[in-house]
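The values are calculated or read from the model by the stated rules, or taken from the named source; none is laboratory data. Bear in mind the structure is a predicted one, so any value in this text is a computation, not a measurement. Note: areas computed on protein heavy atoms with side chains; ligands, DNA, RNA excluded. Shrake-Rupley method; radii C 1.70, N 1.55, O 1.52, S 1.80 Å.
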Amino acid sequence: LASLPSPPTTSPTAGGGLDVWYKEGDDYANGKCSNARPLPKWRPTSATKEACCASQYGSQFSNACMCDANPCYSCKCADAQDATKCPALSYCRVTTVPPTN
């Protein structure tokens, strides 16, 4: 059994995601935060996904991280155009006004 990739242990092990969030990868422009196991060495952690985005991608122009954490964060988020998902962002939606004759 010891040769298995994840051999059984005598005590329970945690499953699912970590309780902390960290910067995922090195692509700043499109980067996001993750809580996937295992925690990479030397990565600062945050208690929430939003806090991780703010600390690691605070000046990210695309808002990719914050949009991943909260799809209704800004007009740049893909879901901002959907009135059923982000009703508070109605000012983001482009409306066409018919020309007056």
*Mind checking which lysines have their C-alpha under 18 Å from Lys85, skipping anything on the same chain fewer than 8 residues away?*
Lys76
_Can you list residues from other chains, or at least 5 along the same chain, whose modelled amide H is less than 5 Å from the amide H of Thr45?_
none
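Using a probe radius of 1.4 Å on heavy atoms only, what accessible surface per residue do you get for region 39-101? Whole Å² is fine.
Working: 4380 Å² over 63 residues.
Each residue of region 39-101 exposes 70 Å² on average to a 1.4 Å probe.
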*Leaving out ligands, DNA and RNA, what percent of the accessible area of region 39-100 is carbon and sulfur, probe 1.4 Å?*
60
